[in-house]
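Chemist: Below: one structure in structure tokens.
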Amino acid sequence: MPPTAEQLRPLGVAAGLVLCASLAVQGSAVLSHAMFADLGAGGVSGLRFLLAALLALVLVRPRWRGRDPAAWAWIAVYGTVIAVMNLAMYRSLEHLPLGVAVTIELCGPLALGATRLPHPALRVFPVVSLAGLVLVARPGGGLPLTGLALAGCAALGLAAYAVVAERISATSDGNGWEELALALVVAAAWTLPLTAGSLPDVEAGHLPRLAVAAAFGVLLAFGLDFLAVRVSSARVVAVLLSFDPVLGAVLGWLFMAQDLGTPTLLGIALVVSAGVVTCGLHGAAAGGSHGGARRVHDHGDADEADQRPGDVVAVGAEAVGDHAPRE
């Protein structure tokens with residue numbers, strides 16, 4: 001039965017929100033890349049975290065008391081994973097085109113999701129993703145091994161973030177935004193040496209771009225993804241975010257003069273297809289989505305459970321527990 005207009009409306013809204021969030025994340029990467037020559041990838045990443053942490057503290061006002069040592073330990077791990085993931089991604093952009101780096105990073109949650117697929121037949125899609133990854137990375141094809149290794153670290157970081165965010169979301173006594181704000185403080189602390197090293201090179205012209213990268217690439221992206229989950233479903237957002245590598249390739253071509261060859265574009269298409277099908281079929285096997293658009297309040301307790309930053313999904317989120325992140 002074809003979906004009704006009422007069912008399609010949340011899909012359209014979610015698609016718009018996810019597109020804006022993806023543009024914020026990858027536009028932030030393009031903006032940041034332009035400052036690498038002056039401040040270094042590590043310096044830009046550190047300054048971005050510092051500004052994002054300060055902004056989050058002002059807006060969220062997290063509690064500093066009343067948390068047990070275990071909660072603080074998980075927040076520390078949360079922030080550490082965020083820092084490693086983002087720093088590895090930004091360092092990889094010194095060596096790789098944006099579309100290639102985003103595609104490799106995507107394979108982290110896809111690999112994690114492959115271990116949790118409900119039906120053995122679905123495991124063909126991680127193989128498709130692997131074939132796409134080989135085409136993108138092209139062993140021996142001239143892409144720097146350093147960049148590939150850094151993008152691989154970002155992929156591992158993204159998968160680790162999915163696991164840690166799931167734990168944070170499950171144990172949070174609030175809505176999860178406080179934990180995110182505190183995790184950004186931890187990330188800013190880890191990257192402080194890089195921040196300090198780049199401070200002498202910061203000029204007045206860098207500050208507006210750094211502020212935009214922090215506000216849009218971190219906080220706005222989380223907020224838009226979060227809202228998209230509320231108006232549709234985690235599975236819908238996961239499928240939409242599977243197209244991130246395509247957006248990365250387009251933005252890299254438009255703003256960074258990064259021309260990708262046919263094998264790379266074919267590899268990106270394979271990885272994206274694997275992500276879309278894996279998220280879609282996993283969600284259907286897990287119980288469907290009421291005609292493709294499922295409001296959060298249709299899940300009983302999902303109003304609380306699905307409204308946490310840890311639940312802001314990226315690719316493979318449905319397969320890894322609806323807890324993959326934005327960077």
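Chemist: Which order results if THR103, THR262 are arranged by neighbouring Cβ count within 10 Å, fewest first? Intermediate results must be reported in sequence, preceding the final value.
Modeler: Numbers: THR103 33, THR262 8.
Starting with the residue having the fewest Cβ neighbours, the order is THR262, THR103.
Chemist: Could you tell me the relative contact order of the stretch 60-149? Use alpha-carbon pairs under 8 Å, at least six residues apart, and round to a whole percent.
Modeler: 38 percent
Chemist: Can I ask one more? Give the order of VAL44, VAL128 when sorted by the count of other beta carbons within 10 angstrom, beginning with the fewest.
Modeler: On the way: VAL44 29, VAL128 17.
Ordered from fewest to most neighbouring Cβ atoms within 10 Å, VAL44, VAL128 come out as VAL128, VAL44.
Chemist: Most exposed first by the Cβ proxy, i.e. fewest other Cβ within 10 Å, how do MET89, MET256, MET35 rank? Please list the in-between numbers first.
Modeler: Details: MET89 27, MET256 16, MET35 23.
If I rank by nearby Cβ atoms, fewest first, I get MET256, MET35, MET89.
Computed from the coordinates by the stated procedures, all read-outs in this text should not be read as laboratory data. Fair warning: this is a prediction, and the values are worked out from it, not measured in the lab. Note that each Cβ is placed from the backbone with ideal geometry, even for glycine, and that neighbours are counted across all protein chains shown.
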